[in-house]
Amino acid sequence: METGRLEQQLEALPSRPGVYLFKDADEIILYVGKASSLRHRVGSYFGAARNLAPKTIRMMERVADLDYYVTASEQEAILLECILIKRHRPHYNVRLKDDKTYPYLKVTVGEDWPRAHLSRRVVKDGARYFGPFASAGSVHTAVALLERIFRLRSCRKAITGEERRPCLEYHIKRCSGPCIGAVSREEYRDAVDQAVLFLEGRQDTVLKGLRTRMAQASENMEYERAAMVRDQIRAVEAIVEKQKIAAAEGDLDALAFVQEGDQAVALVFQVRQGRLVGRESFILAGTRDEEPSQVMTGFVQQYYSSAEYVPKRVLLQFPLEDMPVIQGWLEGRRGGRVELRVPARGPGRDLVAMVADNARESMEQGRIRSAAEPGVVAAALEELKRALSLPAPPRRLECYDISNVQGASAVGSMVVLEDGVPRKSHYRRFKIRTVQGADDYAMIGEVLRRRFKKAAADDRADGTWAARPDLVLIDGGRGQLNAALLAMKESGAGQVPAASIAKEEELVFLPGLREPLRLPPESPALHLLQRARDEAHRFALGYYRKVHLARSFASSLDGIPGLGPVRRRALLRRFGSVDGIRRATVEELRSVRGMSEALARRVKDGV
C-alpha cells in the first residue's frame, strides 16, 4: 500500500453515507462497499491486522488507491453498491455469477395481441416482467406452460384475423388462433389477464374466473368451449396441488445458500398465497473466507436490486449486516412494509431448512455434472495418479462403506466409478454375517474378503463386477484402511492400490505413510474421491434402512399366531411401518385383505 497517499485520502473522507472503492496499483477495482459513515467504515480497514479477516488482509496488501461516492442515504448507497458490483465485478466482493445475463419473462400487455417471451433487459415499455430467473430454460418452461394453459400466441406476426390457415401451435392447442379470427380481442385479453394473475401466484382468482367462464359457456350450450375451459381448470388445479407448501402462508420469499470454497449456491423459494410458484438457483462467486452473514447480505442486495417483486415477508437462513438499513431499502422498493427475519422455530424455520437442503442438492448436482465432464475427469485421474503415487490413472475406482447402528442390521456397500462415471450394474451390497457388535474394522474386513474371494475364484472377471480395480477407496480413517489391506492380503488380491478418506477434514490415508494427505479443497481429485465416498454411503444407507425395516418388522410380528408372511407384507404395504401398524385401530387392521377381526386384535395386542 502507498501509505502516505492513502492517509491523506482517509483524512479527506466525509462522515456521510456513501460507497467506497479499493483499487490496486493498476487502477483495477478490488472491492466495492457501502457505509453509513465513509470516514468510520473505510478507516476500520487500516487498524490492527488482528481485527481483520484473512481475506481482508490479503486484499489490503494490494490496495494502492481508493475512491468514493457520497449518497443522500444508506438506502441509496445499497443501490449504488449493487450497480458498481455488477459493472466492475470486483474480485473480493461476493457477487452473483454472470448476473447481467439473468433472464426475465416478459408479457407484452401493452400490445393489442400480447405474447409471453424471454427478455434479457427490463425497460419501461408498459410490459409486465417476472423474474429474474436462474436460466433461459426456466423462462422457456414458464412460457410453454402459459401457452398450454392460456393459449397465448408465441409468434411475432402482425395479427389481422384474416390469415387463411393457422400454424401448428393452433392445431396442438397451444395458441387460441387470433391470426385466423378464432378468438375475439376481448377473449384473448381475458386470457392474458388470467396468465398475469397466474404468474403473480393468484391461482385462486384464476380458478374462480375460469369456473365462471365454464358455467357461462355451458349455459349458452357452447359445450366445446366449456370443455376447453374445463381442461384449463384441471391443469391449473394440478399445478396448485403440486405447489402447496404446508409451512408457508401468504406471500413470501425464503432464501438460503450452501458455501464451498470460493463459490456458493443460493436458492430462492417464491411462495405466493401459500403456494410455491418459483424456485430459482444462483451461483455466487468470491465467497472464500466470508462469514455467512456477509454472503447472505451480498446475495440479498444483488438479487432484490434486479427482482421485479418484493414480497411482504423475506425469510433468511442467516442475519444480514445492517439489517434495518436493508429492510428500509426493500420497503422502498416494495412501496410498503417488508418483514425481514431469520426464523428460529416453527414452520418458517422448517421452510428455510428445506431451501438449504435444496441448495445443497443443487450444489451436489452441479458438482456431479462438472466432475463428469471428460476434461475434468481426465485431470482428476491424472492428479490421483500423482498424489497417490499410482502406476497409472485409476480408471476403475471401487469405494466401500459400512452402515449400522451399534452393530444392528449391519450392511456394506461397494460402488464402482469407471472413468469418473458410476457403473451401477457393478454395484454390490453385503449383509454382514460374521461380525457381532459395533466393530467397523471387522465389518470392512468381511466385505473386502468376500469381494476379493470372488475375484480370485473368477478367472474371467474382466468386464464383470469382479474385475480388478485400479484403486480401492475406503470410507474411514487409518483403522478402516488397515483392516481392508489385511483382508485383501488374506484373499490373495495382490498389489491392489488402496486408500481411505475420512470425513470432516477430508484427509486421505495411504499405506506406508504416517501422515495423511490433505488435497486442496478445489482439487478435482478430491472431488472425485468425495463423489465415490458419498455414493457408497448413500448406497449403504439405503440398504441398511431396508434390512433394518425388515428385521424390525419381523421381530415385532413373527410371534403372532396366524400372521404369515403374506399378511405381514399386506400390513406393511398398507401402514408403511411397524409404528404405523401400532397406531392403527382394530377396524383399520381388519380392513386389510386376509385379516379377520380376531387376527386384527392379536396384531393390535402383539405390537
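The values are calculated or read from the model by the stated rules, or taken from the named source; none is laboratory data. As the structure is a computational prediction, the values presented were derived from the model and not from experiment. Cβ: placed from backbone, ideal geometry, glycine included. Neighbour counts: every protein chain shown.
Computed quantities for the displayed model
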{"item": "Count of segment 462-497 residues which are under 13 Å from Leu397 (Cβ atoms) and surrounded by fewer than 23 Cβ atoms within 10 Å (Cβ to Cβ)", "result": "5"}
{"item": "Hits in segment 574-607 - residues which are of a type in the set (D, E, K, R) and surrounded by fewer than 12 Cβ atoms within 10 Å (Cβ to Cβ)", "result": "Arg583, Glu587, Arg593, Glu597, Asp605"}
{"item": "Pair list, Cβ < 8 Å and 6+ apart or interchain, from segment 158-177 residues that are farther than 17 Å from Pro114 by Cα to residues that are of a type in the set (Ser, Thr, Tyr) and assigned to a loop (DSSP other than H, G, I, E, B)", "result": "none"}
{"item": "Strands (runs of 3 or more DSSP E) completely within segment 52-148 that count 1 or more residues being touching a Cys at 6+ places or on another chain (Cβ under 6 Å)", "result": "none"}
{"item": "Residues located in segment 380-404, provided they are free of Cβ contacts under 8 Å to residues at least 60 places away in the same chain and under 30 Å from the mean Cα position of the chain (by Cα)", "result": "Glu382"}
{"item": "Selection within segment 498-516 - assigned to a loop (DSSP other than H, G, I, E, B) and either within 29 Å of the chain's Cα centre (by Cα) or surrounded by 15 or more Cβ atoms within 10 Å (Cβ to Cβ) (or both)", "result": "Lys503, Glu504, Glu505, Glu506, Leu510, Pro516"}
{"item": "Every residue from segment 178-205 that is out of contact with any Leu (no Cβ under 6 Å at 6 or more places or on another chain), of a type in the set (Gly, Ala, Ser) and within 25 Å of Phe130 (Cβ to Cβ)", "result": "Ala191, Gly201"}
{"item": "Whichever residue in segment 128-141 is among the hydrophobic types (A, V, I, L, M, F, W, C) and buried (at least 18 other Cβ atoms within 10 Å of the Cβ) and, among such residues, is modelled with the highest pLDDT", "result": "Phe130"}
{"item": "Enumeration of residues in segment 344-359 that are over 12 Å from the mean Cα position of the chain (by Cα) and of a type in the set (D, E, K, R)", "result": "Arg345, Arg349, Asp350"}
{"item": "Test: residue in segment 17-35 that is in a helix (DSSP H, G or I), surrounded by 17 or more Cβ atoms within 10 Å (Cβ to Cβ) and free of Cβ contacts under 8 Å to residues at least 60 places away in the same chain", "result": "no"}
{"item": "Members of segment 152-166 found to be modelled with pLDDT under 85 and in contact with a Lys or Arg (Cβ under 7 Å, 6 or more places away or on another chain), listed by number", "result": "Ser154"}
{"item": "In segment 310-328, residue nearest to the chain's Cα centre (by Cα) [restricted to those that are charged (D, E, K, R) and under 20 Å from Gly348 (Cα atoms)]", "result": "Arg313"}
{"item": "Count - residues of segment 264-298 that are of a type in the set (A, V, I, L, M, F, W, C), crowded, with 22+ Cβ neighbours inside 10 Å and not in a strand (DSSP E or B)", "result": "1"}
{"item": "Wholly within segment 371-469, strands (runs of 3 or more DSSP E) carrying at least 2 residues that are assigned by TED's automatic domain parsing to the domain that holds Leu528, among the small types (Gly, Ala, Ser) and modelled with pLDDT under 90", "result": "408-418"}
{"item": "Condition broken by Cys175, with the remaining ones in (1) closer than 29 Å to Glu339 by Cα; (2) surrounded by 20 or more Cβ atoms within 10 Å (Cβ to Cβ) satisfied", "result": "(1)"}
{"item": "Criterion: touching a helix residue (DSSP H, G or I) at 6+ places or on another chain (Cβ under 7 Å) and either under 30 Å from Tyr309 (Cβ atoms) or at pLDDT 85 or above (or both) - qualifying residue of Ser176, Ser184", "result": "Ser176"}
{"item": "Given (1) charged (D, E, K, R); (2) modelled with pLDDT under 85; (3) not assigned by TED's automatic domain parsing to the domain that holds Gly479, index of the condition Arg590 fails", "result": "(2)"}
{"item": "Which numbered condition Pro103 fails, given (1) within 27 Å of the chain's Cα centre (by Cα); (2) within 21 Å of Tyr304 (Cα to Cα); (3) without any contact (Cβ under 8 Å) to a residue 24 or more places away in the chain", "result": "(3)"}
{"item": "Residues within segment 299-326 that are without any contact (Cβ under 8 Å) to a residue 60 or more places away in the chain and either surrounded by 17 or more Cβ atoms within 10 Å (Cβ to Cβ) or under 17 Å from Val355 (Cα atoms) (or both), tallied", "result": "6"}
